[in-house]
Structures are given as C-alpha cells and as structure tokens.
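Participant: Could you have a look at this structure, given as structure tokens, before my questions?
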Amino acid sequence: RKLETINRELVSQKRELESANLKLAEMDRFKTRFVQNIAHEFRTPLTLIIDPLESILNHGSEGSPDFVAKNLSFVRKNAHKLLNLVNQFLDMSKFEAGKIRLEVSRSDIVEFLRSFLARFEPAAERKRISLRFSSSVESLDSYFDPDKLDKIFTNLLSNSLKASKS
C-alpha cells in the first residue's frame, strides 16, 4: 500500500512537471517572438538614421548646406522615433496591465502622412525608388492616434521597401 501511494504521488508530480514544462516552453516561444518584434521595430528607425548619415559622409564637403540640413533633419526625426520606441518599451507595464489605449487627437492627416513619407525618402532613394505623396485635398483635420498610425505605416512602408528590388 505504501508503495502504491508513493507511486501515485510520483505519477501526479510527473504530470505537474510535464505541464509546467509545456508552459515554460510556450513562454520561451512568446519571449522569442517578443524580442524579434522589438528588434524589428528598432531596425527601421536605425536604418532611416544610417541612410542619410551615409549620404552626408559619401558626399563629404561636396554636399550643399541644404543637402546636409535635409539629411540631418531626417536623422533627428528618426532618432526621436527611436527614442519613442525605447520609451514605449519601458512603458511595458501599461501593456501588461491592459491599459494601452488609443490616444486620439485632432490633427491634419494630410500633413502627418506627407511628413511621415518624407522620413523614408533617403531609404527609397538608396534603392532608386521614387516615393510620391498625392492628396486630393491640401489639408484635412481628422481624429487619429498619430503613434498607432505611425507604427502601422512604418511597418507597411519598411516592409515594402525591403521587398522591392534595387
């Protein structure tokens, strides 16, 4: 009897360990996907910082002040984007608590999209791709979450540029 009791306890503990092992494996897969997603989010602004810097460096003293200023403006915008990503990463507790919400504000969506597209010009130029923005209206006040919209379009455009042949 005593052996049967011990055997049942061991079988029960084995099942608990197997279940815990499956949960740990799932958590490991989740963490791997999470790190890959974070790395992907960081790669785009870093690329959009490196491209204009390389343009400036490749042209050396031949680059006009306007050329340098334009490229440094892209660097600054994308450095701020990278800082924003770092801040979001540090605010992960909000995500875990289910407190991620839309931060909708009223703004000119045409200007937002025009400015957004300009950040990708150096990367597109490097791949000899012409980016053009056209709108049937000069401006359009709309309600949207700039951060969420930026993430969506960054993902779409960066993936499109990566998939495009030079």
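The values are calculated or read from the model by the stated rules, or taken from the named source; none is laboratory data. If you're wondering where the values come from, they're calculated on a predicted model, not measured in any experiment. Positions of Cβ are backbone-derived with ideal geometry, glycine not excepted, and every protein chain shown enters the neighbour counts. Each accessible area value is taken on the protein alone, full model and side chains, heavy atoms only, with ligands, DNA and RNA left out. Shrake-Rupley method; radii C 1.70, N 1.55, O 1.52, S 1.80 Å.
Participant: Can you pull out the residues in the stretch 44-64 that are in a helix (DSSP H, G or I) and modelled with pLDDT under 85?
Facilitator: Once the filter is applied, which keeps residues that are in a helix (DSSP H, G or I) and modelled with pLDDT under 85, the stretch 44-64 yields Thr44, His59, Gly60, Ser61, Glu62.
Participant: Can you tell me which residue is surrounded by the fewest Cβ atoms within 10 Å (Cβ to Cβ) among those in the stretch 156-166 that are part of a helix (DSSP H, G or I) and either touching a Gly at 6+ places or on another chain (Cβ under 8 Å) or free of Cβ contacts under 8 Å to residues at least 40 places away in the same chain (or both)?
Facilitator: Within the stretch 156-166, the match that is surrounded by the fewest Cβ atoms within 10 Å (Cβ to Cβ) is Ala163.
Participant: Tell me whether the stretch 137-154 contains one or more residues that are more than 21 Å from the chain's Cα centre (by Cα), open to solvent by 40 Å² or more (accessible area, probe 1.4 Å) and either closer than 27 Å to Ala69 by Cβ or in contact (Cβ under 8 Å) with a residue 60 or more places away in the chain (or both).
Facilitator: Scanning the stretch 137-154 turns up at least one residue that is more than 21 Å from the chain's Cα centre (by Cα), open to solvent by 40 Å² or more (accessible area, probe 1.4 Å) and either closer than 27 Å to Ala69 by Cβ or in contact (Cβ under 8 Å) with a residue 60 or more places away in the chain (or both).
Participant: Filter the stretch 18-71 for residues that are among the polar types (S, T, N, Q) and in contact with a Gly (Cβ under 9 Å, 6 or more places away or on another chain) and give the result.
Facilitator: Within the stretch 18-71, Ser55, Asn71 qualify.
Participant: Among Leu46, Leu57, Leu22, which is within 14 Å of the chain's Cα centre (by Cα) and aliphatic (A, V, I, L, M)?
Facilitator: Leu46
Participant: Could you check how many residues of the stretch 1-60 are among the hydrophobic types (A, V, I, L, M, F, W, C), free of Cβ contacts under 8 Å to residues at least 40 places away in the same chain and closer than 17 Å to Arg126 by Cα?
Facilitator: Selection size over the stretch 1-60: 6.
Participant: Also, quick follow-up: For Val110, indicate whether it is touching a residue at least 24 places away in the same chain (Cβ under 8 Å), surrounded by 12 or more Cβ atoms within 10 Å (Cβ to Cβ), in contact with a Phe, Trp or Tyr (Cβ under 7 Å, 6 or more places away or on another chain) and farther than 17 Å from Glu41 by Cα.
Facilitator: When the stated conditions are applied, Val110 does not pass them.
Participant: Hey, another quick one. Restricting attention to the stretch 118-136, which residues are part of a loop (DSSP other than H, G, I, E, B) and either open to solvent by 60 Å² or more (accessible area, probe 1.4 Å) or at positive phi (or both)?
Facilitator: Those that are part of a loop (DSSP other than H, G, I, E, B) and either open to solvent by 60 Å² or more (accessible area, probe 1.4 Å) or at positive phi (or both): Arg128, Ser130, Arg132, Phe133, Ser134, Ser136.
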